[in-house]
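What follows is a short report on a single structure.
The values are calculated or read from the model by the stated rules, or taken from the named source; none is laboratory data. For clarity, every value in this text was computed on a predicted model and none was experimentally measured. Cβ: placed from backbone, ideal geometry, glycine included. Neighbour counts: every protein chain shown. Only protein heavy atoms, including side chains, enter the accessible area calculation; ligands, DNA and RNA are left aside. Shrake-Rupley method; radii C 1.70, N 1.55, O 1.52, S 1.80 Å.
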Amino acid sequence: MTTSISTWFWSDRFWLPENVSWADLEHPPPGVEYPRLGHLVCVLPLAVGVFLLRKLFERLVAKPCAHILQIEAGVPRRAQPNAVLERLYQSKMCPDTRQLEGLSKQLDWDVRKIQRWFRIRRNQDRPSMQQKFCESMWRFTFYLVTFLYSISHLWVSPWMWDTRHCWYNYPFQSLSPEQYNHYVAELAFYWSLMFSQFIDIKRKDFIIMLVHHLATIILITFSYANNMLRAGTLVMCVHDASDIFLEAAKLANYAKYQRLCDGLFVVFSISFFFTRLVIFPFWIVYSVLFESWEIAGPYQAWWLFNGLLLVLQTLHIIWFYLITRIAIKAIFKGKVGLVFCRSESLIENMVRKKRRLKSSASYS
């Protein structure tokens, strides 16, 4: 049963162009190596290493920087110990009106007092400003290093300047050490984010970020197995470019360097527009859609990858719309940093508004 499912899943007709089979890729010419899924076995142990490296980096580099910038961890106000409320909190951080009324009768507490307890308990679980600074500094460092590394090997690659080279002789394209290192680093990083989500303090956008990381891991893994490395490295490089300025703006905001935060937010907005709404669709997606069709021809996995890239581009448009709304509000209010701080987690803000509406309803 397992063999038949594996055979169906890894069908030549699905993953490879016409007249090409997996057997053709198993015996490359002397001195040439093609990507194989087995090459990525080392990613999971490396992800654990990346996670440990992050903890070491936060302790030895990020925290001292936070102290220099006078970003203190702070001690949140702790909620009064209550086994009944704590048990409900673990399953539902914001109880509805009916649950609040039931708790009020059970504990002989006023509804407002119970709501206050849940608000303090939620604040108790929120990461401190210092913790946010350390996490952003780690991501900033990773994005900067990987972007510089990818640019260093893509700059001398012909497919960076002419994307048609991504499809010449596809899929019989040799794997370079730089491509392998880039893929392994990105995969290990996103796997480490998957691990850390279950260990770190749970955020409001836990499920969405989990799905995002999982989708990214699947895309990177299958583009490697399908030898779409040339286009894949371009996609990763383009996405890392704007993320650098996003994390830098967060760092400036946490350190209360308002003008620097404002400037970095503007640079982030411009770089996001240029990389994800200009370069990505008109250079990379165009190549995967049209140039690959012309040179390599379409096949079943081709439709899948292009569909996922178009979904990703749709998300870019939605995100840029949200960024633009935030920027316009900031310009009129003259407080880019304040609004940017709120934009750090759009989902969290929407959840808070929903909770406030529920609280108002319960008061009435």
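Observations on the structure shown:
- Rounded to the nearest 10 degrees, the angle from helix 111-125 to the longest Cα principal axis of the chain is 40 degrees.
- Selection from TRP155, GLN131, CYS166, by position along the positive dipole direction of segment 91-210 (Cβ): GLN131
- Accessible area of segment 87-141 belonging to carbon and sulfur atoms, whole % at 1.4 Å probe: 46 percent
- Computed on the Cα atoms alone, the convex hull of the chain gives a volume of 184 cubic angstrom per residue.
- The dipole here belongs to segment 116-209: it is taken about the Cα centre, uses +1 on the Cβ of Lys and Arg and -1 on the Cβ of Asp and Glu, and is about 900 debye.
- Report summary: the helix-based calculation at 222 nm, which adds -39500 (n - 2.57) for every DSSP H run with n ≥ 4 and divides by the residues of the chain, gives -22500 deg cm²/dmol.
- Members of LYS105/LYS132; LYS113/LYS256; LYS92/LYS132; LYS113/LYS250; LYS113/LYS329 lying beyond 28 Å, as alpha-carbon distances in this model show: LYS105/LYS132; LYS113/LYS256; LYS113/LYS250; LYS113/LYS329
- Overall form of segment 9-123: oblate. Here a/c, set by the Cα gyration tensor axes a ≥ b ≥ c, is 1.5 or more, and a/b is not larger than b/c.
- Cα shape, segment 68-176, gyration tensor, a/c 1.5 rule: prolate
- Ranking THR7, THR221 by solvent-accessible area of protein heavy atoms (1.4 Å probe, all protein chains present), from largest to smallest, gives THR7, THR221.
- An ellipsoid equivalent to segment 50-108, defined through the eigenvalues of its Cα gyration tensor, has semi-axes of 39, 15, 9 Å when rounded to whole angstrom and sorted largest first.
- Here the contact order of segment 129-272, divided by its residue count and restricted to Cα pairs under 8 Å and six or more residues apart, works out to 36 percent.
- Taking only the C-alpha atoms of segment 114-237, the Rg (one decimal) and the largest Cα-Cα distance, Dmax (whole number), read 19.0, 67 Å.
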